[in-house]
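Colleague: Quick one: the structure is below, and I'll ask about it shortly.
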Amino acid sequence: MAVPKKKTSKSRSRRRHSAYLKEQVRRLKKRLSLGTCADCGAAKLNHHVCKECGKYNGKQILDKSKEIDKITTIKA
């Protein structure tokens, strides 16, 4: 069995780990297909409901007005 002659330093192992993470993030970004919402212009996943306005294919799917009311109303 192969045994390392010297201890791997923290900086060397962390550098290798960060390079691995950067590569994984790059692959994920390449795999995800982001588009823009036709109504509000926000970035969204293709074939998914827009998280900003709640519309899909020009139709209102999610009611976002209730969420705005929750934020603006203060219970005293």
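Colleague: Can you tell me which of (1) within 13 Å of the chain's Cα centre (by Cα); (2) surrounded by 11 or more Cβ atoms within 10 Å (Cβ to Cβ) is the one K30 doesn't meet?
Modeller: (2)
Okay, residues lined up against (1) in a loop (DSSP other than H, G, I, E, B); (2) surrounded by 10 or more Cβ atoms within 10 Å (Cβ to Cβ); (3) touching a residue at least 40 places away in the same chain (Cβ under 8 Å); (4) more than 15 Å from the chain's Cα centre (by Cα):
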residue	(1), (2), (3), (4)
K6	yes, no, no, yes
R14	no, yes, no, yes
S18	no, yes, no, yes
R26	no, yes, no, no
G35	no, yes, no, no
G41	yes, yes, no, yes
K44	no, yes, no, no
H47	yes, no, no, yes
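Colleague: Output the residues belonging to the stretch 53-63 that are at pLDDT below 85 and surrounded by 11 or more Cβ atoms within 10 Å (Cβ to Cβ).
Modeller: L62, the sole residue that qualifies.
The values are calculated or read from the model by the stated rules, or taken from the named source; none is laboratory data. Note that the coordinates shown come from a computational prediction; the quantities given were computed from them, not determined experimentally. Cβ coordinates were reconstructed from backbone atoms using ideal geometry, including for glycine residues, and neighbour counts include every protein chain displayed.
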